[in-house]
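A short write-up of the structure that comes next.
The values are calculated or read from the model by the stated rules, or taken from the named source; none is laboratory data. Please read these numbers as outputs of a predicted model, since none were measured by experiment. Here the Cβ positions follow ideal geometry from the backbone for every residue, glycine too, while neighbour counts run over all protein chains shown.
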Amino acid sequence: DTAVSQTPKYLVTQMGNDKSIKCEQNLGHDTMYWYKQDSKKFLKIMFSYNNKELIINETVPNRFSPKSPDKAHLNLHINSLELGDSAVYFCASSHILAGVYEQYFGPGTRLTVT
Amino acid sequence: GENVEQHPSTLSVQEGDSAVIKCTYSDSASNYFPWYKQELGKGPQLIIDIRSNVGEKKDQRIAVTLNKTAKHFSLHITETQPEDSAVYFCAASIRGDMRFGAGTRLTVKP
């Protein structure tokens, strides 16, 4: 299936731990993103990568670091996890079609920090 | 930066009725306005979009309108069905930098 996939789907961990979420897209897109969705369902962009280059870096704590080993992958590493990091994290990818970026989302990773 | 406001936050309609969700944006440079449907436990799914050079677009039971002058855009769903129940998000985008509205929880009662 062509899609944006994320692993794991659920992640439960303790405060202070370091964890990673992986994202892969096989759509041939050049740009990938990470979004955070809080408990009120608000979707906020965190990072955007184009051809392995960071192009959007919103004000997120530097405990969050995106890593793009190649165009098809954008992983999110989080150090020293805090309770407030609990949320659903979505990866997305996009291609340019007639001058606009159509974005497609993965299924999400629900992170729970205890 | 871009700010997108979305109303209403919740909407309940009877099956077969129409539903309308409205959004406003602040940055006149935004040129792409997608709408996403998010079902429980799933990622947002792109259902329809409109570009800044178009005023209206329709796809079966859903339609979007854009008023660039007023910086308004709307989603219209006709003949609603229970499977339309979900959270709907509008967004405004400039070169891939996409800002979302707060979402509308639509409930279609059979």
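Could we say that A:ALA72 is of a type outside the set (S, T, N, Q) and modelled with pLDDT under 95 here?
Working: of a type outside the set (S, T, N, Q): yes; modelled with pLDDT under 95: yes.
Yes, satisfied.
Conditions tested, residue by residue: (1) over 19 Å from B:GLY43 (Cα atoms); (2) not small (Gly, Ala, Ser).
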position	(1), (2)
A:LYS36	no, yes
A:LEU43	no, yes
A:SER48	no, no
A:SER68	yes, no
A:ALA87	no, no
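Which one is nearest to B:ALA29 (Cα to Cα), of the residues in the stretch B:91-101 that are more than 11 Å from the chain's Cα centre (by Cα) and in a loop (DSSP other than H, G, I, E, B)? Break it down into steps so the answer makes sense when it comes.
Step one: of the stretch B:91-101, the residues more than 11 Å from the chain's Cα centre (by Cα) are B:93-99.
Checking the rest, the ones that are also in a loop (DSSP other than H, G, I, E, B) come to B:95-96.
Numbers: B:ARG95: 10, B:GLY96: 12 Å.
So, considering only residues that are more than 11 Å from the chain's Cα centre (by Cα) and in a loop (DSSP other than H, G, I, E, B), the one nearest to B:ALA29 (Cα to Cα) is B:ARG95.
Do you know which residues across the stretch A:40-60 are surrounded by fewer than 17 Cβ atoms within 10 Å (Cβ to Cβ) and modelled with pLDDT of 90 or more?
Residues satisfying the conditions are A:PHE42, A:LYS44.
Being under 14 Å from the mean Cα position of the chain (by Cα) and more than 14 Å from chain B (Cβ to nearest Cβ) is true for just one of A:SER65, A:SER48. Which residue is that? Let's see the steps before the verdict.
Numbers: A:SER48 fails: more than 14 Å from chain B (Cβ to nearest Cβ).
Just a single option satisfies the conditions, and that option is A:SER65.
Table: residues versus (1) basic (Lys, Arg); (2) under 29 Å from A:HIS95 (Cβ atoms); (3) touching a strand residue (DSSP E or B) at 6+ places or on another chain (Cβ under 6 Å).
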site: B:GLY1; (1), (2), (3): no, yes, no
site: B:GLN14; (1), (2), (3): no, no, yes
site: B:ASP17; (1), (2), (3): no, no, no
site: B:SER30; (1), (2), (3): no, yes, yes
site: B:PRO44; (1), (2), (3): no, yes, yes
site: B:LYS58; (1), (2), (3): yes, yes, no
site: B:ILE77; (1), (2), (3): no, yes, yes
site: B:ARG105; (1), (2), (3): yes, no, yes
site: B:LYS109; (1), (2), (3): yes, no, yes
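Would you check if there is a residue in the stretch B:6-18 being closer than 30 Å to B:PRO110 by Cβ, within 13 Å of chain A (Cβ to nearest Cβ), part of a strand (DSSP E or B) and hydrophobic (A, V, I, L, M, F, W, C)?
Of the residues in the stretch B:6-18, the ones closer than 30 Å to B:PRO110 by Cβ are B:6-18.
Imposing the further condition that a residue be within 13 Å of chain A (Cβ to nearest Cβ) reduces the set to B:6, B:9-10.
Then keep just the ones that are part of a strand (DSSP E or B); that gives B:6, B:10.
Now restrict to residues that are hydrophobic (A, V, I, L, M, F, W, C): none.
For the stretch B:6-18, residues closer than 30 Å to B:PRO110 by Cβ, within 13 Å of chain A (Cβ to nearest Cβ), part of a strand (DSSP E or B) and hydrophobic (A, V, I, L, M, F, W, C): absent.
Tell me which residues, restricted to the stretch A:26-38, are over 13 Å from A:TYR101 (Cβ atoms) and more than 12 Å from chain B (Cβ to nearest Cβ).
A:ASN26, A:GLY28, A:TRP34
Against the condition under 25 Å from B:TYR32 (Cβ atoms), surrounded by fewer than 15 Cβ atoms within 10 Å (Cβ to Cβ) and either more than 9 Å from chain B (Cβ to nearest Cβ) or among the β-branched types (Val, Ile, Thr) (or both), how does A:ASN17 come out, does it pass? Outline the logic, then answer.
Working: under 25 Å from B:TYR32 (Cβ atoms): no; surrounded by fewer than 15 Cβ atoms within 10 Å (Cβ to Cβ): yes; either more than 9 Å from chain B (Cβ to nearest Cβ) or among the β-branched types (Val, Ile, Thr) (or both): yes.
So A:ASN17 fails the test.
Can you give me the ranges of the strands (runs of 3 or more DSSP E) entirely in chain A with at least 1 residues that are of a type in the set (A, V, I, L, M, F, W, C) and farther than 28 Å from B:GLU5 by Cα? Steps first, answer last, please.
Working: elements: A:4-7, A:10-13, A:19-25, A:31-37, A:43-50, A:53-57, A:64-70, A:73-78, A:87-97, A:100-105, A:109-113.
By residue number, A:10-13, A:19-25, A:73-78, A:109-113.
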